[in-house]
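Read through the structure below, which is laid out as structure tokens, and then see the notes.
Nothing in this text is a laboratory measurement; each read-out follows from the coordinates by a stated rule. As the structure is a computational prediction, the values presented were derived from the model and not from experiment. Here Cβ is always computed from backbone atoms with ideal geometry, including for glycine, and neighbour counts include all displayed protein chains.
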Amino acid sequence: MKVCETGKIVGEVSLPSTDNKHSFLGIVHFCISPYLCALIEKTDVMQIQKDYTREQIVEVARRIFLKKGFAKTSMRDIAAGADTGVSNIYNYFKGKDELFRHIVSPLITELERMMRDHHDVSDQKDFLCYATGQGNGVMGDHVKEYMLLINNHRDELKLLLYQSQGSSLENYIDDYTEECTRLVLDFMDEFRRRYPEYGATHTPFTYHVHTVWMFSFISEVIKHNLPADEIRRAIEDYIAFEFGGWRTLMNAK
């Protein structure tokens, strides 16, 4: 944009062509007043300020939730840490629970993606590697997946595992375990139908314990603040142990 002789702001917009012969039809010149330009700039600044305040609220809430837990954290604590008023927080979040859920939502999304992908009845070829002992590539993929989960969502895992009491997510791990157990049962039913030559345990509690064990393993890794190389070795051992167990259960008849 530039200032024209009348003191107004001059701009131009390219108009796209409606046919395939020309890339554009031409350029339309326009003028806006300095007042409107200032208003646009002010609106941009206000949006930047709002975004900054929202980020501050989220980061302060994350820090306090990690330290005190959901139940013992008040909106006053968060407002004081973010240097804003309690009422202003409600301009961004309906309440403390929505704020907590927002913070852990990336982890929830990833956990539910893993649950769906690992138990997709339409694609059981990878799982067949469990039974045939040809799963080294799959094992490597699982190691990477667990590494990314722990490295990218360490704080969210701490919040969900240790600090969610009193929130709407306090029973999330139990609910996830039950849903995962149901999906595994469906998955195994389909697996036995497709590959009747392989055995498949059908004990719901076995699958239940398997999911509980996954969260117990993750919890212990996080609790002990292991260095990255030790986390990798622990995950590799866990996955190898898991694959070995599945291969035993899936022994050919």
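Hey, what do the phi angles of the stretch 155-171 turn into as Karplus ³J(HN,Hα) couplings, whole Hz, using 6.51/-1.76/1.60 and θ = phi - 60°, x for Gly and Pro?
My calculation for the stretch 155-171 gives 5, 5, 5, 4, 5, 5, 7, 10, 10, 9, 4, x, 8, 6, 9, 5, 9 Hz in order.
Sort the following peptides by mean Cβ neighbour count (other Cβ atoms within 10 Å, averaged over residues), highest first: 92-98, 121-127.
For the peptides 92-98, 121-127, the packing ranking is 92-98, 121-127.
Give, rounded to the nearest 20 debye, the magnitude of the charge dipole that the stretch 40-93 has about its Cα centre when Lys and Arg contribute +1 at Cβ and Asp and Glu contribute -1 at Cβ.
Its charge dipole is roughly 400 debye.
For the stretch 131-238, what is the largest minus smallest coordinate of the Cα atoms on each principal axis, given in angstrom and ordered from greatest to least?
Extents along the principal axes: 44, 34, 17 Å.
Run through all the Cα pairs of the stretch 52-109 and give the fraction in each 10 Å bin from 0, expressed as whole percent.
Each 10 Å bin holds this share of Cα pairs: 25, 62, 13, 0.
Using per-residue counts of other Cβ atoms within 10 Å, averaged over each peptide, order 80-88, 184-192 from highest down.
184-192, 80-88
Would you please give the residues with an amide H less than 5 Å from that of residue 121, counting only those at least 5 places away or on a separate chain, with H modeled from the backbone geometry?
Here nothing satisfies the definition.
Counting other beta carbons within 10 Å of each Cβ, put 99, 161, 169 in order, fewest first.
Fewest-to-most ranking of 99, 161, 169: 161, 169, 99.
So, counting K/R as plus one and D/E as minus one, what does the shell of residues with Cβ under 13 Å around residue 161 add up to?
-2
Can you give the Kirkwood hydrodynamic radius of the stretch 54-213 from its Cα pairs, in Å with one decimal?
Radius from the Kirkwood sum: 18.0 Å.
Identify, among 165, 199, 111, the residue whose Cα sits farthest towards the positive end of the charge dipole of the stretch 94-253, taking +1 on the Cβ of Lys and Arg and -1 on the Cβ of Asp and Glu, with the dipole about the Cα centre.
Of the listed residues, the answer is 199.
Step through the residues of the stretch 103-115 one at a time and calculate ³J(HN,Hα) from phi using the Karplus curve (6.51 cos²θ - 1.76 cosθ + 1.60, θ = phi - 60°), rounding each to whole Hz and writing x for Gly and Pro.
5, 8, 4, x, 5, 4, 4, 5, 4, 6, 5, 4, 4
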